[in-house]
Amino acid sequence: NGSGSAGNRSTPLTLTVSEPQDYTLSLSPAALTVAPGAEGTATVNIARTNFIGPVTLSLDGAPAGVTESFDPAAPTGTSSTLTVSVGAAVAPGVYDLTVEGTGSVGDRSTPLTLTVSADPNYTLSLAPAALTIAQGADGSTTVTITRSNFTGAVTLSLDDAPTGVTGSFD
């Protein structure tokens, strides 16, 4: 509406009130444990509010040797599968990463904790490492198993013994 000495005038105005558009990101699971040379997966969940556009996903903060892929990379739906590949030379440790989403209504992020586990391993040692045993007698030594990220069973055997020599383990 307008008014003035020449009289009042008006013109129609169409007003459209739209609901806000938004999205949030979350991960399931939000923490991965991956050995060097292996990969792990998580689902990126996209909770949408009146927003149907694509969300381009990326992973920030990964150390050298850690790569990612998203399937799909720019989803228009409610999820994407994240695959994190850890190279064989990546140092064991805990890495705080961030999954980033870029959409036309703004950028959003969610944290991902990546634990790179040390390779499982073990070593064997003997004390004493040499035995002198009289014919027809017994002798013993202690086998020590030193473990590094390995909790599985270790089956022991005596190999390359001369004929008539046997071993047993307790």
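The values are calculated or read from the model by the stated rules, or taken from the named source; none is laboratory data. Note that the structure is a prediction, hence the values are computed from the model and not measured. Note: ideal-geometry Cβ built from the backbone for every residue, glycine included; neighbour counts use all protein chains shown. All accessible areas refer to the heavy atoms of the entire protein, side chains included, with ligands and DNA or RNA removed. Shrake-Rupley method; radii C 1.70, N 1.55, O 1.52, S 1.80 Å.
Treat each spin label as a single point 7 Å out from the Cα along the C-beta direction, and report the T144 to T163 distance in nm. Here the modelled spin labels are 3.7 nm apart. With the simple spin-label model, which puts each label point 7 Å out from Cα in the Cβ direction, the I52 to A91 separation comes to 4.9 nm. The amide H of T78, built 1.01 Å from its N in the peptide plane, has no neighbour under 5 Å, considering only residues 5 or more places off or on other chains.
Could you work out the local net charge near L97, counting Lys and Arg as +1, Asp and Glu as -1, over the other residues with Cβ closer than 11 Å to its Cβ? With Lys, Arg at +1 and Asp, Glu at -1, the neighbours total -4. Each of D96, D107, D22 has its accessible area taken with a 1.4 Å probe; listed largest first, they run D96, D107, D22. Among R147, R48, R9, the sequence by solvent-accessible area, most first, with a 1.4 Å probe is R9, R147, R48. S58 contributes an accessible area of around 40 Å² to the protein surface, as traced by a 1.4 Å probe with all chains present. Checking [x] 16.2, 48; [y] 27.8, 85; [z] 32.3, 131 against the coordinates, the calculated Rg and Dmax of the Cα atoms in Å falls under label [z].
Within the listed set T146, T110, T43, the Gaussian network model of the chain (springs between alpha-carbon atoms below 10 Å) gives the highest mean-square fluctuation for T146. For I46, I133, I52, I145, the ranking by accessible surface with the largest value first comes to I52, I133, I145, I46, using a 1.4 Å probe.
Label zone (T43, point 7 Å along Cα-to-C-beta; backbone nitrogen cut-off 13 Å) within the stretch 72-115: 78-82. Accessible surface calculations at 1.4 Å, restricted to protein heavy atoms, place the chain at 67 Å² per residue.
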